[in-house]
2 protein chains.
Amino acid sequence: MKFCSQCGSVVEHQIPPGDHLPRFICGTCQTIHYENPKVIVGCVPEYQGKILLCKRAIEPRLGFWTIPAGFMENGETLEAGAARECLEEAQAHVSIGSLLAIVDVVHAHQVHVMFRAKLEKPEFGAGAESLEVGLYSPEEIPWSDIAFRSIEFALKRYLSDRQTGIETVHTTQFNGKVWHQPSEEG
Amino acid sequence: MKFCSQCGSVVEHQIPPGDHLPRFICGTCQTIHYENPKVIVGCVPEYQGKILLCKRAIEPRLGFWTIPAGFMENGETLEAGAARECLEEAQAHVSIGSLLAIVDVVHAHQVHVMFRAKLEKPEFGAGAESLEVGLYSPEEIPWSDIAFRSIEFALKRYLSDRQTGIETVHTTQFNGKVWHQPSEEG
């Protein structure tokens, strides 16, 4: 941020009086521009035991696999956002189910919120941000080519809960960009 | 938003190619400025059966009661943000416990995430954003003067879970600013 979005003047990066973090402050109109984490919403869509996965057509992690997920928009609920992302990225209509995972992705300034979901019909396709979309059984999931740690975490917890039959909300946090080797533990 | 924060030119409000919502777009450098929901983090701090509440010193809802809660910051986890807000607003150190509630506050473009917490010692005070801070037993809580529906929801679910001894994650959504009468149902 270089300019004030309210008046167009140059901003300065300073700690405002009474605050504890530096913010972008307009030297002319004094507006303080706060920057806060964004919410990523997604779901694990299931159809007859298989999971709907998308191969990313965009950076970051182009060519790697993910569940349908993306930035939550103003004016929608978490569930509505997760369903919308699935429609956009996988051209698939889902019924959003219970809350699956909440992941702090600290270095990216993001909170990932993921739900269980049911694919209503085996109808899907590659949206503009996907190269390929398909249904995969647990043993077919390309674990070594998953796009993000939070996605691996959500998928593994989804599958382990399915085995036990107990649906819980899983939480974890990641901080640091390095992710050399997807672990069995997620 | 009137000006581009990258180059200072005037922005236009248009739907970008391939998008479905209007965004602020810079006519000069073409930067698209997305606006997304913000995360509010808070906790219900308990000490010997009583709940720590704060009377708000700032708008909105100045003079009404809340649990310690505020905007999540970049670079922190949900739990760390909830503990920080408690320190800032109630000058109290807490141990953050399990996830209590996730509330979509659609009209405010916010997601509220609230945790259970334990106040380590009965030491607290009014931070800059609080007029008054105190420990209240369930029957002493000023239910008709609670600041926000999400806070009422979290407090009621906290207390009902305490009675059953089963800690679960509660979710709900509010859309619309009207809140005439705090209900017993939250």
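Just so you know, all these numbers are worked out from the coordinates, no wet-lab data involved. This is a predicted model, so every value here is computed, not measured. FYI the Cβ positions are ideal-geometry reconstructions off the backbone, even for glycines, and counts take in every protein chain you see.
Miscellaneous remarks
- Within the range A:117-126, the presence of at least one residue that is within 19 Å of A:Leu159 (Cβ to Cβ) and surrounded by fewer than 24 Cβ atoms within 10 Å (Cβ to Cβ) is confirmed.
- Restricting the range A:1-31 to residues that are surrounded by 13 or more Cβ atoms within 10 Å (Cβ to Cβ) and outside any loop (DSSP other than H, G, I, E, B), the residue that is farthest from the other protein chains (Cβ to nearest Cβ): A:Gln14
- Candidate set from the range B:83-114 (those that are farther than 16 Å from B:Phe148 by Cα and within 12 Å of the chain's Cα centre (by Cα)); member that is nearest to the other protein chains (Cβ to nearest Cβ): B:Glu85
- Pairs are defined by a Cβ separation below 8 Å, a sequence spacing of at least 6 or placement on different chains, a first member in the range A:34-57 that is within 14 Å of another protein chain (Cβ to nearest Cβ) and surrounded by fewer than 23 Cβ atoms within 10 Å (Cβ to Cβ), and a second member that is in a strand (DSSP E or B) and among the hydroxyl-bearing types (Ser, Thr, Tyr); the pairs so defined are A:Ala57/A:Ser130.
- Residue within the range B:43-63 that is within 17 Å of the chain's Cα centre (by Cα), closer than 14 Å to B:Ile151 by Cα and in a loop (DSSP other than H, G, I, E, B) present: yes
- Of the residues B:Ile146, B:Ile96, the single one that is crowded, with 20+ Cβ neighbours inside 10 Å, without any contact (Cβ under 8 Å) to a residue 60 or more places away in the chain and touching an Asp or Glu at 6+ places or on another chain (Cβ under 9 Å) is B:Ile96.
- A:Glu85 being in contact with a Pro (Cβ under 7 Å, 6 or more places away or on another chain), under 25 Å from A:Thr168 (Cβ atoms) and among the charged types (D, E, K, R): yes
- Unique residue being surrounded by fewer than 19 Cβ atoms within 10 Å (Cβ to Cβ), farther than 18 Å from A:Asp161 by Cβ, touching a residue at least 60 places away in the same chain (Cβ under 8 Å) and of a type in the set (Lys, Arg) when the list is A:Arg61, A:Arg84: A:Arg61
- Any chance B:Glu152 is part of a helix (DSSP H, G or I) and either among the hydroxyl-bearing types (Ser, Thr, Tyr) or more than 14 Å from chain A (Cβ to nearest Cβ) (or both): yes
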